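Asks: One structure coming up, written as structure tokens, with questions to follow.
The values are calculated or read from the model by the stated rules, or taken from the named source; none is laboratory data. All figures in this text were calculated on a predicted structure; none of them were measured in a lab. Don't worry about glycine lacking a Cβ; one is built from the backbone with ideal geometry, like all the others, and counts go over all protein chains shown. These accessible areas exclude ligands, DNA and RNA; they are computed on the full protein's heavy atoms, side chains included. Shrake-Rupley method; radii C 1.70, N 1.55, O 1.52, S 1.80 Å.
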Amino acid sequence: MVEALNQLQLSGVLLCVLLLHTVSQQGLGTGERVRTQPNFIIILADDIGWGDLDVNQPEKKTNNTPNLNLMAQQGLRLTDFHSPASTCSPSRAAILTGRYGLRNGVIHNFGVNSVAGLPLSEITLPQLLQQAGYYTAMIGKWHLGHSGPYIPTKRGFDYYMGIPYSNDMGCTDTPGYNLPPCSPCVSSIPEGTRLRTSKHGGCYSKVGLPLVENSSIVEQPLDLWTLTETYKSAALRIIHRARTRGQPYLLYVALAHMHVPLAPPLSPDAPTTPHYPSDDVYTASLQELDGLIGELKTASDKDNALIWFTGDNGPWEQKCQYAGSVGPFTGKWQTNKGGGSAKQTTWEGGHRVPTVVYWPGRIPANTTSSALLSGMDIFPTVLSLAGVTPPSDRRYDGIDATNIVLQRELTGREFLFHPNSGAAGVFGDLQTVRAGKYKAFYITGAAEACGGGTGKQQLHNPPLIFDLEREEAEESPLQFDTPEYEAVAQKVARKREELLWDIATDKSVSTADYSTDESAAPCCDPTQAVCRCHPTSQEDGETCTKH
């Protein structure tokens, strides 16, 4: 009897130990999963040139991007990486959905008076990570809809602080550098005058540029000259919050420093409006952008965080001294005939962007890859690294680049299509095709260069084909009557027809609503000139009038 009781007690003890071990293992498993889930910081620089990154042009011996240089030295530099479009909204939509604009519906920019944005049928990267337990936050330029269900906090972000569109799409009291220069906001409006979002010479004069936190305007017009510090403070709070709660995070930082250069004050004693020699403005703005990136790197270095830096499109050439460098990708065939070859075009300068991927302990240091990749590839790659499977009810155009990023695999895409982005042709049409080292143009021209020349729009049938390995400047196309040309032209035509048919038969294709209404313009206080309201913060429990 005693022996039986002892055996029963021993069995009970063993059962308790087993249960405790199981619970402990389950707890450790959850903790380990949270601890090892990667964090992600995606940094998207507006209108930045491939040649703006020092390490892309070491022969220039510049030191404008020391923090990005260090990230490249300690991580991976992608030299053949391309924005999904050559202008703002389409590029951002494609990055966040992993789909060409002809699928996600966003084929040109949304405006101040736009009533909608990225179609609600589209599923975004932050939505999927949010569902997987990530804290998702965004800082900076959104440009995918600024009202109702289209705002960032309705599209997968837990927190948002930034400008709903480009930082030249509203007046400020102290404007940034621009060409032509923009005037400050008006201080009053005549009694009985209806508020209108008037625009002249690329400048908006009647509605102040708003700073939005979550769903509310907290300042209008905002102060461009303190924006970097505002963004830095918000980003550091986000990283600290997620770390304190032990929650993995996605931080999407979309910086428009280079769109309208925001050179920092020359010194603490400088006047409110700093005055730089015109040639130094872009450089100073680039250095400030790099400084902010350095702050993000330092803050996240111990967080198992992958930082992916890239651009939304190439430099805005018509801004002359306020535009960046395309490096060797000058599009000489076009510039020799007049017109621009950067932003809004499908020449290399319009979409080949500086890109660095940094992840301490995971990405081999000081590596460079010439694999052909696109901003659309961020979507599937980040999801793969997070262990998240995208919905199977739609077709994607991005590819998972994990093996390229982590294992030095050399093979990227065989084909990449560049959509018309505001210069020649119909918005969104895929009339430029990259095929390995070759690039075929079915249309060219119609983009404004510095000085105002545009070059006439030209259709090419058969297409112009350039060999980018032979000639980065895209000056001399292949001769039509050669076996090399015939082989490439046939391959490009076949692939283009396949993709267009795939899109035409895709039941998940979305259509964006591009209708406008003046009442859709973000406005903190319609009774005040330029909708003016004083700075507030939701953290203090205060907000401005809803917009």
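Asks: Note down the nm distance, to one decimal, between modelled labels 7 Å out along Cα→Cβ at Phe415 and at Asn63.
Replies: Result for the modelled spin labels: 4.7 nm.
Asks: According to a simple spin-label model (label point 7 Å from Cα along Cα-to-Cβ), what is the distance in nm between Val426 and Gln247?
Replies: Between Gln247 and Val426, the simple spin-label model gives 4.4 nm.
Asks: Could you give the nm distance between label points at His534 and Glu518, where each point is 7 Å from its Cα heading toward the beta carbon?
Replies: Once both label points are built, they end up 2.9 nm from each other.
Asks: Out of residues 5 or more away from Ala342 or on other chains, whose amide H comes under 5 Å of its own, with H placed 1.01 Å from N in the peptide plane?
Replies: Placed amide hydrogens put Glu317 under 5 Å from Ala342.
Asks: Work out the length of the dipole vector of the chain about its Cα centre, built from +1 on the beta-carbon of each Lys and Arg and -1 on the beta-carbon of each Asp and Glu, and round it to the nearest 20 debye.
Replies: That gives the chain a dipole magnitude of about 700 debye.
Asks: Further question on the same structure: Using a cut-off of 27 Å between alpha-carbon atoms, which lysines can reach Lys60, once sequence neighbours fewer than 8 places away in the same chain are excluded?
Replies: Straight-distance partners of Lys60: Lys297, Lys319, Lys332, Lys343, Lys437.
Asks: May I pose another question? Give me the extension gain from Glu484 to Ser233: residue separation times 0.36 nm, minus the current Cα-Cα distance, reported in nm with one decimal.
Replies: Length gained, Glu484 through Ser233: 84.9 nm.
Asks: Right, next: Place the peptides 499-505, 86-92, 411-417, 519-525 in order of packing, highest mean first, counting for every residue the other Cβ atoms within 10 Å and averaging per peptide.
Replies: Descending mean neighbour count gives 86-92, 519-525, 411-417, 499-505.
Asks: Under a cut-off of 22 Å between alpha-carbon atoms, report the lysines in cross-link reach of Lys302, not counting same-chain residues fewer than 8 places apart.
Replies: Filter leaves Lys232.
Asks: Per-residue counts of other Cβ atoms within 10 Å, averaged by peptide: what ranking do you get for 478-485, 317-324, highest first?
Replies: Final packing ranking: 317-324, 478-485.
Asks: Test of understanding: extend the Cα→C-beta vector of Thr226 to 7 Å, then name every residue of segment 290-323 with backbone N under 15 Å from that spot.
Replies: none
Asks: Residues of segment 296-328 with backbone nitrogen within less than 19 Å of a virtual label 7 Å along the Cα-to-Cβ line of Thr36, please, listed as ranges.
Replies: 302-306
Asks: With Cβ to Cβ distances under 14 Å as the rule, what net charge do the other residues near Asp301 carry (K, R +1; D, E -1)?
Replies: With Lys, Arg at +1 and Asp, Glu at -1, the neighbours total +2.
Asks: What percent antiparallel are the DSSP beta bridges of the chain, to the nearest 5?
Replies: 50 percent
Asks: Considering only protein heavy atoms and a 1.4 Å probe, what is the carbon-and-sulfur percentage of the accessible area of the chain?
Replies: After summing per-atom areas, the C and S share lands at 52 percent.
Asks: Moving on. Before rounding to the nearest 500, sum -39500 (n - 2.57) across all DSSP H runs of length at least 4 in the chain and divide by the residue total; then give [θ] at 222 nm in deg cm²/dmol.
Replies: One gets -8500 deg cm²/dmol as the mean residue ellipticity at 222 nm.
Asks: Once fully extended, how much extra length lies between Glu475 and Ala493, figured as 0.36 nm per residue of separation less the alpha-carbon to alpha-carbon distance?
Replies: Difference between extended and current length: 4.3 nm.
Asks: Rounded, prolate or oblate: which one fits the chain, using the alpha carbon gyration tensor with axes a ≥ b ≥ c (rounded when a/c is under 1.5, else prolate when a/b beats b/c, else oblate)?
Replies: oblate
Asks: Same structure, new question: Taking K and R as +1 and D and E as -1, what net charge do the other residues with C-beta under 13 Å from the C-beta of Ala94 add up to?
Replies: In short, -1.
Asks: Which net charge results when you count Lys and Arg as +1 and Asp and Glu as -1 among the other residues whose beta-carbon is under 12 Å from that of Glu484?
Replies: Taking every other residue near Glu484 into account, the sum is 0.
Asks: At a Förster radius of 56 Å, what calculated FRET efficiency corresponds to the Cβ-Cβ distance of Asp502 and Val186, to the nearest 0.05?
Replies: Efficiency computed from Cβ-Cβ geometry: 0.65.
Asks: How much length is gained if the chain between Thr527 and Asn336 is pulled fully straight, taking 0.36 nm per residue apart and subtracting their Cα-Cα distance, in nm to one decimal?
Replies: 63.6 nm
Asks: What does the accessible area per residue of the chain come to in Å², with a 1.4 Å probe and no ligands, DNA or RNA counted?
Replies: 42 Å²
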